[in-house]
Amino acid sequence: MNATESLTQQLLSQIEIKSFSTIDQIPADQWNALAPNQYPFILHEYLNALETHECVGEKYGWIPCHIGVFHQDQLIAALPLYEKYNNYGEFVFDQAWESAWKQVGLDYYPKLVSAMPYTPARGPRFLTTENHPHIDNAQQQMLLLNAIKSLCNEYQLSGAHILFADAKQQSWLESLPEENNLLFRHDTQFHWFNQDYETFDDFLAKLTSKKRKNIKQERRALKESGITFRILDGHTATKTDWANFSYFYDKTFIEKWSTPTLNKDFFIEVAQKLPDSIVLVLADLDDQCIAGALMFRSEDTLYGRHWGAIKDVKHLHFETCFYQGIEYAIQQGIKIFEPGAGGEHKIARGFIPVPIHSTHWLRVNPFEEGIDHFIEQEKAAVNGYMDECEDMSPYKVPVKNLS
């Protein structure tokens with residue numbers, strides 16, 4: 001018997017599950033009351049800014065269909081959810097699955113994805129009410145999981161995908177009985193962990209002499225170049241600062257032949273609505289702003305998100321995106337710094353490999369054996385890669401993974 005089946009008929013009759021095409025159809029205070037740890041990307045203000053400024057929608061293939069579970073007209077559980085027509089901005093790549101579906105005449109798109117658009121940052125996906133008197137967390141989560149499956153069945157969607165769930169929710173998903181037919185994929189990112197450092201020098205002291213020397217040289221070279229840095233939040237960043245950063249952001253994507261989905265109005269609104277979640281690093285040279293990195297923070301984690309520059313200065317990227325973030329995390333007592341997806345160059349700068357997972361449910365799976373084989377091969381490759389990365393660790397003694 002699963003968690004939903006254990007609910008009494010009387011209790012089930014008091015529950016209503018709805019899908020919403022915009023987040024503003026759900027009261028912000030009720031949604032945010034379910035969001036733990038001030039995880040910024042799931043807050044109502046952040047999701048609403050994405051929708052208001054057309055950073056998601058049909059144009060980019062991210063169509064909101066958020067789920068809410070109501071008990072006696074009160075929101076008790078929720079799930080950010082999108083109907084997807086591509087895999088852009090997911091950071092879990094399934095082109096091989098799409099190709100296989102096409103070969104047998106099936107449509108892989110649309111599909112459902114519970115993720116933060118364009119944001120490969122771990123965090124809560126199932127928003128639930130702690131200590132509810134009648135429906136516990138597992139039951140609330142199962143109601144949401146079953147609701148995703150029901151939407152797929154009702155609209156004949158290929159499946160549902162839950163990306164970058166936090167460790168607790170991922171463990172719950174992996175603990176469910178096999179009858180739920182969930183698949184689990186594996187990847188890795190590089191994160192920095194605060195070992196109760198009091199200063200940046202405390203952090204450097206944990207590194208091997210060669211890595212410590214390299215970082216000092218990189219920072220010294222930038223300081224001697226005359227570049228200075230400003231660390232701003234939503235209170236202190238001006239519209240000019242956001243105009244500069246938005247230009248850097250666009251430039252980075254265009255130079256990579258990619259699509260800049262966020263925009264200046266989005267940045268400004270998020271800064272206004274969530275000022276304490278913003279960490280904007282700007283680099284200045286000769287009274288001109290030449291580079292910037294946008295980070296967000298929760299109570300215990302710093303998230304590196306976007307960066308751009310108008311001058312090509314050696315080591316500028318490392319300082320703006322990594323060292324300034326590490327220094328900020330130490331000053332603020334932040335435990336974890338997740339700088340984003342990919343990048344072996346992060347290892348030499350104090351970041352270590354950590355496993356990342358995603359959960360997948362396929363309404364129809366014509367390649368059950370092949371998909372299982374694919375996942376096992378991918379898992380072995382990721383584990384092998386992580387072992388290789390750990391051999392390149394810059395630390396004299398392994399650091400504690402705090403995630």
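The single condition from (1) out of contact with any helix residue (DSSP H, G or I) (no Cβ under 7 Å at 6 or more places or on another chain); (2) in a helix (DSSP H, G or I) that Ile356 fails is (2). Would you say Arg185 is over 20 Å from Trp307 (Cα atoms), in contact (Cβ under 8 Å) with a residue 40 or more places away in the chain and charged (D, E, K, R)? Considered against the rule, which asks whether it is over 20 Å from Trp307 (Cα atoms), in contact (Cβ under 8 Å) with a residue 40 or more places away in the chain and charged (D, E, K, R), Arg185 comes out as yes.
For the range 170-215, taking the residues that are outside any strand (DSSP E or B) and touching a Lys or Arg at 6+ places or on another chain (Cβ under 6 Å), the one that is farthest from Lys314 (Cα to Cα) is identified as Asn194. Within the range 233-255, is even one residue touching a residue at least 12 places away in the same chain (Cβ under 8 Å), open to solvent by less than 50 Å² (accessible area, probe 1.4 Å) and in a strand (DSSP E or B)? Looking for residues that are touching a residue at least 12 places away in the same chain (Cβ under 8 Å), open to solvent by less than 50 Å² (accessible area, probe 1.4 Å) and in a strand (DSSP E or B), one finds none in the range 233-255, hence no.
Restricting attention to the range 28-70, the residues that are part of a helix (DSSP H, G or I) and at negative phi total 21. Is it the case that the range 71-87 has a residue that's outside any strand (DSSP E or B), closer than 23 Å to Phe184 by Cβ and open to solvent by 10 Å² or more (accessible area, probe 1.4 Å)? Checking the range 71-87: at least one residue is outside any strand (DSSP E or B), closer than 23 Å to Phe184 by Cβ and open to solvent by 10 Å² or more (accessible area, probe 1.4 Å). Per the listing Tyr60, Tyr108, Tyr46, Tyr88, the residue uniquely touching a Phe, Trp or Tyr at 6+ places or on another chain (Cβ under 6 Å) and either farther than 19 Å from Ile162 by Cβ or in contact (Cβ under 8 Å) with a residue 24 or more places away in the chain (or both) is Tyr108. Residues that are more than 11 Å from Trp62 (Cα to Cα) and assigned to a strand (DSSP E or B) are absent from the range 90-100.
For the range 167-183, a residue qualifies if it is under 29 Å from Gly350 (Cβ atoms) and open to solvent by 40 Å² or more (accessible area, probe 1.4 Å), and the qualifying residues are Ala167, Lys168, Ser171. Restricting attention to the range 193-205, does a residue exist that is of a type outside the set (Lys, Arg) and under 30 Å from Gln377 (Cα atoms)? Yes, some residue in the range 193-205 is of a type outside the set (Lys, Arg) and under 30 Å from Gln377 (Cα atoms). Pairing residues of the range 360-380 that are farther than 29 Å from Glu154 by Cα and open to solvent by 70 Å² or more (accessible area, probe 1.4 Å) with residues that are modelled with pLDDT of 95 or more and not in a helix (DSSP H, G or I), at Cβ distances under 7 Å and at least 6 apart in sequence or on separate chains, gives Lys379/His186.
The set of residues in the range 329-351 being buried (at least 22 other Cβ atoms within 10 Å of the Cβ) and either without any contact (Cβ under 8 Å) to a residue 24 or more places away in the chain or part of a strand (DSSP E or B) (or both) consists of Phe337, Glu338. Within the range 129-157, the residues that satisfy the criterion of being among the polar types (S, T, N, Q) and surrounded by fewer than 24 Cβ atoms within 10 Å (Cβ to Cβ) are Thr129, Asn131, Asn137, Gln139, Gln141, Asn146, Ser150, Asn153, Gln156.
If you filter the range 317-371 down to residues that are among the small types (Gly, Ala, Ser) and over 14 Å from Phe203 (Cβ atoms), you find that the one that is modelled with the lowest pLDDT is Gly342. Considering Ile135, Ile148, the condition of being in contact (Cβ under 8 Å) with a residue 40 or more places away in the chain and in a loop (DSSP other than H, G, I, E, B) is satisfied by Ile135 alone. With the structure loaded, tell me whether Lys213 is at pLDDT 95 or above and open to solvent by 70 Å² or more (accessible area, probe 1.4 Å) or whether it fails that test. Here the answer is yes, as Lys213 does meet what is asked. Go through the residues of the range 299-311 one by one and say whether even a single one is of a type outside the set (Gly, Ala, Ser), open to solvent by less than 20 Å² (accessible area, probe 1.4 Å), more than 23 Å from Arg349 (Cα to Cα) and assigned to a loop (DSSP other than H, G, I, E, B). No: the range 299-311 contains no residue that is of a type outside the set (Gly, Ala, Ser), open to solvent by less than 20 Å² (accessible area, probe 1.4 Å), more than 23 Å from Arg349 (Cα to Cα) and assigned to a loop (DSSP other than H, G, I, E, B). Residue count for the range 261-276 under the criterion of being farther than 15 Å from Phe41 by Cβ and either among the acidic types (Asp, Glu) or at pLDDT below 95 (or both): the result is 1.
Among the residues of the range 274-294, just one is among the acidic types (Asp, Glu) and either open to solvent by less than 10 Å² (accessible area, probe 1.4 Å) or under 14 Å from Gln324 (Cβ atoms) (or both), namely Asp284.
The values are calculated or read from the model by the stated rules, or taken from the named source; none is laboratory data. On a predicted model such as this, the values are computed, not experimentally measured, just so you know. No Cβ is skipped: glycine too gets one built from the backbone with ideal geometry, and neighbour counts run over all protein chains shown. Ligands, DNA and RNA are stripped out before the accessible areas are found, and what is left, the full protein with its side chains, is counted by its heavy atoms. Shrake-Rupley method; radii C 1.70, N 1.55, O 1.52, S 1.80 Å.
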